[in-house]
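**Q** One structure, as structure tokens, below. Some questions next.
Read the figures in this text as sums done on the coordinates, not as results from a lab. Predicted, not measured: the structure shown is a model, and the values here were computed from it. In this analysis, Cβ positions are derived from the backbone assuming ideal geometry, glycine residues included, and neighbour counts consider all displayed protein chains.
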Amino acid sequence: MRIRISVLVLSLSLIPFFLTKICKGEEVKMGEKKVLMVIAQKDFRDEEYKYPREILEEGGIKVVVASSKLGTAYGSYGLTANVDLLLDEVNPQEYEAIIFVGGMGSSEYFDNPKAHFLAQELFKKGKLVCAICIAPNTLAQAGILKGKKATAYPSVKEEMVKQGAIFTGKDVEVDGNIITANGPHAAKDFGKIILEKLQK
């Protein structure tokens with residue numbers, strides 16, 4: 001009985017300590033930051049999903065995967081990914097960044113209202129909005145690239161420029177809280193830059 005009372009007293013005595021930590025914001029850790037990766041259910045580009053995810057997770061970031069269907073999503077070259085939730089179920093307030101992964105299948109989000117909504121909401125809140133390969137066109141169609149420097153796979157350049165994007169053609173482009181990349185060869189640098197921004 002005395003042991004239980006001692007444990008209780010000790011626990012109560014630590015409450016002010018933990019409250020102080022919480023008030024100072026010291027309880028926030030990198031591992032608690034969440035990033036949403038949006039991938040096509042079929043034909044996402046393997047490297048553009050694999051490398052940024054590995055880099056972010058190694059940096060202590062929690063990665064959540066969303067798509068148009070639950071279950072398994074399939075990359076263009078054999079990689080598979082487990083889908084955590086439907087795109088329509090995503091709450092943008094839970095994430096520090098959103099990443100639209102490229103590949104041929106990512107065109108399914110070019111005119112997707114929920115994809116546009118998520119990009120717009122995170123952009124307004126100053127969170128990171130990222131896309132690679134042809135996926136930056138989703139950001140352009142969402143209206144958030146007007147007057148912004150951006151890059152992408154050349155096949156979507158014309159559509160992006162029509163929506164007001166300043167197309168640079170660089171491997172990776174950063175303009176404020178928008179990060180874009182132009183293809184699988186830039187996937188690792190893309191992931192590293194996103195992590196660096198999240199760690200600031």
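**Q** By how many nm would the segment from Asn91 to Lys192 lengthen if fully extended, with 0.36 nm per residue of separation less the alpha-carbon distance?
**A** In short, 33.9 nm is gained.
**Q** Under 8 Å for C-alpha pairs, at least 6 residues apart: give me the relative contact order for the stretch 30-199, rounded to a whole percent.
**A** Rounded, it is 22 percent for the stretch 30-199.
**Q** Given the stretch 30-199, what percent of its DSSP beta bridges are antiparallel, to the nearest 5?
**A** Bridges in the stretch 30-199 that DSSP calls antiparallel: roughly 25 percent.
**Q** Around Gly105, under 9 Å between beta carbons, what's the net of Lys plus Arg minus Asp minus Glu among the other residues?
**A** 0
**Q** Net charge near Pro184, counting Lys/Arg +1 and Asp/Glu -1 over other residues with Cβ under 10 Å of its Cβ?
**A** After counting each charged neighbour, the total is 0.
**Q** So, one more: Which of the peptides 32-40, 157-165, 60-68, 101-109 is most tightly packed, and how do the rest follow, going by the mean number of other Cβ atoms within 10 Å of each residue?
**A** The peptides rank, most packed first, as 101-109, 32-40, 60-68, 157-165.
**Q** Cross-link partners among lysines for Lys170, C-alpha distance below 19 Å, same-chain residues fewer than 8 apart left out?
**A** Hits, sequence-local ones excluded: Lys146, Lys148, Lys149, Lys157, Lys162, Lys188, Lys192, Lys197.
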